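Q: Dropping a structure here in structure tokens format, bear with me for questions.
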Amino acid sequence: MVLSLGFILAFIGAAVALLIGILIFSEVSDAIICPAGAGGGFTIGGDITSYDNLGSLGTNGDALYFEGGSSSNFTVTTGKLNEAVLQNGTSDGGTQGEIRLGAGGNEAQWDFLHRANVGSNLTSINFWLKGDVDGNPDYPMLTNLDNGAAETDGIFIYTTLGAGVAPQDTCIRIEENNVGIHAGDSNFGCTDGGTTPTTVGIPADDGQWHMVTVLIDKGNDDGISDYTTICVNGTGHCDGIPTIFAHNGLGATAANQLTIGSSHGGSVVENSWEIDDVTIWSGYTLTNTDIDNMWNGGAGASSSGIGSSFVVGYWSFDNATANVVGGAVGGGGGTGQGSEECENAKDIAWTVIGILPVALFFALFAIFGALGRTS
């Protein structure tokens, strides 16, 4: 069969158009980065080196990530509220992964958490976590206490197996000069009054997000026992722990920045777990309604406007608050809104790239055929 000149010219024109379309759109497609779908956190074009503190302490409290004492980059995961980050432990090949809240040298800004007559007597802390936070004997969740030192000052929120203590509990230790302020018994056990285990239990390692709330009142400088309250997953699981605030004036600044997931000198073998939406209020005590609204609604404290004027530290760990080296941040968790639409648009564009040359072929064939008949 002999092909007509019109057919040959039309075929060549369509083929050239197809090649040009593929070359151009492949470059454009590679440059278009779709957001991550739900459950797939990642960074794009760079590394996340820090997250903004949205509380009144501002950049002095920005979140930094360290692995084995060395500065490292965050790993983004799907959060309870948009994105979250991973506190990497030995189960994922990490060595003492920790999130430091503020750079070294700013430790004194957290003195209101443990020192007598510093800042407000009232402090509230709330955060969401997912994963294995059960350790032996003390597994740190949020602390600036040097757990390996004999004399130390700071705050320590942790879970414990506790020698002879059952069930497993979520605890707090608040220490001023190792003698003035503490929660629990004389050995800092996870107990209320020194004999009975607390009733709040620990956040379960069940693949779900859990909320931990701590309420502190340092009292009136009179050495009288007050209560530190711990709640896990709302007010249905709370316990008030008698806490002695002796206010002896001997307290000092903690040796470390306030840190998420660190043993600070201890020999804790750390697991891996995720953290999201950490909030600290100074001068405000969360009400039962506040706590239950956050738990039942799964809402972030600052995004809900709870005690907003008292928030000194707030880390949403959302992509919008990330600081990136080498590019921009994208992806993450949340609902993945826009991801499917973006990928579908790309697929449609490629379909159009394939269809247009076919239409072009018939158009050119008609044109060249008409020219051949008139010549």
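All of the numbers you see were taken from the coordinates with simple rules; none came from a lab. A quick note: this is a predicted structure, and the numbers were derived from the prediction, not measured. Using ideal geometry, Cβ is built from the backbone for each residue, glycine included, and neighbour counts are taken over all protein chains shown.
Q: How far apart, in nanometres, would the label points at N288 and T235 be if each is projected 7 angstrom from Cα along the Cα-to-Cβ direction?
A: Label-label distance for N288 and T235, simple model: 0.4 nm.
Q: What list do you get for W281, W273 if you sort them by fewest beta carbons within 10 Å?
A: Taking fewest neighbouring Cβ atoms as first place, the list is W273, W281.
Q: What ranking of T228, T49 emerges when the number of other C-beta atoms within 10 Å of each C-beta is taken as an exposure proxy, fewest first?
A: Lowest count first: T49, T228.
Q: Then there's this: Order of 117-128, 203-214 by packing, highest average Cβ count within 10 Å first?
A: Working: 117-128: 20.0, 203-214: 18.0.
Order by mean packing, descending: 117-128, 203-214.
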